[in-house]
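Report on the following structure.
The values are calculated or read from the model by the stated rules, or taken from the named source; none is laboratory data. Values in this document were obtained by computation on a predicted structure and should not be read as measured data. Cβ sites come from the backbone with ideal geometry, for glycine too, and all protein chains shown count toward neighbours. Keep in mind that these areas ignore ligands, DNA and RNA; they rest on the heavy atoms of the full protein, side chains included. Shrake-Rupley method; radii C 1.70, N 1.55, O 1.52, S 1.80 Å.
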Amino acid sequence: MPAYDAWVLARLRSGQPADGEPDDMAERFKPIAATLAVLPVEGRGAAWSGWLAGQADRDALNRAVAEADPLGPRPDPSGPE
């Protein structure tokens, strides 16, 4: 998962606003970002878990988002994975 995508998803999971960041995400992650952005904070964890359940690489994805600092600096959207 690109660092930028992990950062955006970590922000959304922690209740931060989406402020247009999902537009620069990889296509694969845009639908879950859009879903998280419209849910109340207390529903985002369940939505994330449900989405992860269908992903073959769910452990790596979950780890990437857990390790991203949602309040840290915005990574470059075109940066490395």
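Taking region 38-81 as the range and being open to solvent by less than 90 Å² (accessible area, probe 1.4 Å), hydroxyl-bearing (Ser, Thr, Tyr) and within 15 Å of Pro2 (Cβ to Cβ) as the test, no residue passes.
Table: residues versus (1) open to solvent by 60 Å² or more (accessible area, probe 1.4 Å); (2) under 21 Å from Gly79 (Cβ atoms); (3) part of a helix (DSSP H, G or I); (4) of a type outside the set (Asp, Glu).
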residue: Tyr4; (1), (2), (3), (4): no, yes, yes, yes
residue: Val8; (1), (2), (3), (4): no, yes, yes, yes
residue: Arg11; (1), (2), (3), (4): no, yes, yes, yes
residue: Gly15; (1), (2), (3), (4): no, no, no, yes
residue: Ala18; (1), (2), (3), (4): no, yes, no, yes
residue: Pro22; (1), (2), (3), (4): no, yes, yes, yes
residue: Phe29; (1), (2), (3), (4): no, yes, yes, yes
residue: Leu36; (1), (2), (3), (4): no, no, yes, yes
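In the set (1) of a type in the set (D, E, K, R); (2) at pLDDT 95 or above; (3) at positive phi, Asp69 fails one condition alone, (3).
A search for C-beta distances below 8 Å between a residue of region 1-14 that is at negative phi and any residue that is basic (Lys, Arg) and part of a helix (DSSP H, G or I), counting only pairs 6+ apart in sequence or on different chains, returns Leu12/Arg44; Arg13/Arg44.
Here are some residues: Ala68, Ala34. Which one is of a type in the set (A, V, I, L, M) and in contact (Cβ under 8 Å) with a residue 40 or more places away in the chain?
Numbers: Ala34 fails: in contact (Cβ under 8 Å) with a residue 40 or more places away in the chain.
So the residue among Ala68, Ala34 that is of a type in the set (A, V, I, L, M) and in contact (Cβ under 8 Å) with a residue 40 or more places away in the chain is Ala68.
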